[in-house]
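Shown next, in structure tokens, is the structure this report addresses.
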Amino acid sequence: MGFERIDDLLKGVTADGSLHGIAATVVGRDGVLYEGAAGDAGPDSMFRNASMTKAVATTGALQLVEQGRVDLDAPVASIVPEFGDLQVLDGFDGDEPILRAPKTQATVRQLMTHTAGCGYHFLNDKLYRYCTEFGFPHPFTGLKQSISAPLVHDPGTVWEYGVNTDWIGVVVEAVSGQPLSDYLAEHVYGPLGMTDSTFAPTAEQRARLLPVYSRAADGSLVPSEIDLPRDAEWDAGGHGSYGTLTDYGRFVRAWLNGGELDGTRILKQETVELALQDHLNGAPLPEKMEPTMPELAKAVEPLPVPQGWGLGFHLYHVDLPGMRSAGSGDWSGLFNSFFWIDRAAGISGIIATQLLPFFDDKMVETILGFEAAVYAGL
């Protein structure tokens, strides 16, 4: 297949100094179609998966759903009682937060679709003020208390990106009796041969970890002072894993193949199909995501086409011309890593650097060029 354009793209964007390192992989149902890297990145570079962890943690929870050990519509608090203590932050009365009980109890399904009411401090004004003025930890501190910040909406009313999948990880731990890292090692990483995927990189793996850079105001790249905590108190299902693009390629290939890879099945076909259907139940998606911390993320405006959320994945409901098909699932990671799973075309792509803020203009341009090159090369 003619993927030479991808090589040119990766080499060009690093040779001109726009990015310090970048890697990409394209997989089909039967194997790897392309792997490439440029700049400081190599074929065995380790990446902070950040929010690309979410799809893997959700896969672990879906296995428990298949086994009848987790009900998608069970209240989260029936499995993890401390979730029932969370109140909704309605705003502030002067300097005092206005907190109240949620009108309904969030379900496991709502955690998977980001409609449970949880938020992120770097994307929600109310939560940013609460964490800042009241000294409440945020997830980057590595403190597990961070996921117990107040809800920012009543469950089921609106899509809000937040610590929902961290709570999914806690659900997996409560039901399986294992730390999330051990559960995924036994039931996802191990069966799929994801030998470099971990929540606790070894010294050798850290030596392969692509450093994080930040985009300065003048467009140059400078080493970032922001990184994931080395000694987090919990296995963060929302952002805490590391791995290679080769590993993540094996994960998305299993989804392309309806839950099976190389004779090993991690999910049933019907579970994969269920997960890649819309589950928002009328809860609206935002027209724009405006960050409170510009050093972490730029504003994100979704394409003006029909979209939705499945169980762990963002979905496009229409074909994107020259790009992915309707029904494709996707997501991304804070350090500018991105993937999609196009089951209709039998193709998945992954592309990653390690750069802040998220949704960097040059990286977005590169992603679009990468996807167009993938489909042009088929």
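Derivation of every value follows stated rules applied to the coordinates shown; laboratory data play no part. Nothing here was measured: the structure is a model prediction, and the numbers come from that model. Using ideal geometry, Cβ is built from the backbone for each residue, glycine included, and neighbour counts are taken over all protein chains shown.
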- Query: Which one of Trp159, Trp167 is surrounded by 23 or more Cβ atoms within 10 Å (Cβ to Cβ) and either touching a residue at least 12 places away in the same chain (Cβ under 8 Å) or in a loop (DSSP other than H, G, I, E, B) (or both)?
  - Reply: Trp167
- Message: Anything in the range 323-342 that is among the aromatic types (Phe, Trp, Tyr) and either in contact with a Cys (Cβ under 8 Å, 6 or more places away or on another chain) or closer than 17 Å to Ile226 by Cβ (or both)? List them, or say none.
- Response: Phe335
- Task: Quickly run through the range 1-18 and pick out the residues that are surrounded by fewer than 17 Cβ atoms within 10 Å (Cβ to Cβ) and not basic (Lys, Arg).
- Result: Met1, Gly2, Glu4, Asp7, Asp8, Gly12, Ala15, Asp16, Gly17
- Message: Of all residues being assigned to a loop (DSSP other than H, G, I, E, B) and of a type in the set (S, T, N, Q) in the range 62-99, which is farthest from Asp125 (Cα to Cα)? Just the residue, please.
- Response: Gln67
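This table checks each residue for (1) over 23 Å from the mean Cα position of the chain (by Cα); (2) farther than 18 Å from Val374 by Cβ; (3) part of a strand (DSSP E or B).
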| site | (1), (2), (3) |
| --- | --- |
| Asp7 | yes, no, no |
| Val13 | yes, no, no |
| Gly17 | yes, yes, no |
| Phe47 | no, yes, yes |
| Thr53 | no, yes, no |
| Val56 | no, yes, no |
| Gly60 | no, yes, no |
- Would you pick out the residues in the range 131-156 that are of a type in the set (S, T, N, Q) and either part of a loop (DSSP other than H, G, I, E, B) or more than 22 Å from Asn49 (Cβ to Cβ) (or both)? Thr132, Gln145, Ser148
- Query: Residues in the range 274-289: is at least one surrounded by 14 or more Cβ atoms within 10 Å (Cβ to Cβ), farther than 21 Å from Gly162 by Cα and not polar (S, T, N, Q)?
  - Reply: yes
- Boolean, Val70 is touching a residue at least 60 places away in the same chain (Cβ under 8 Å), buried (at least 17 other Cβ atoms within 10 Å of the Cβ), β-branched (Val, Ile, Thr) and in contact with a strand residue (DSSP E or B) (Cβ under 8 Å, 6 or more places away or on another chain): no
- Message: Going by what's in this entry, would Gly21 be described as within 15 Å of Tyr213 (Cα to Cα), in contact with a helix residue (DSSP H, G or I) (Cβ under 9 Å, 6 or more places away or on another chain) and surrounded by fewer than 21 Cβ atoms within 10 Å (Cβ to Cβ)?
- Response: no
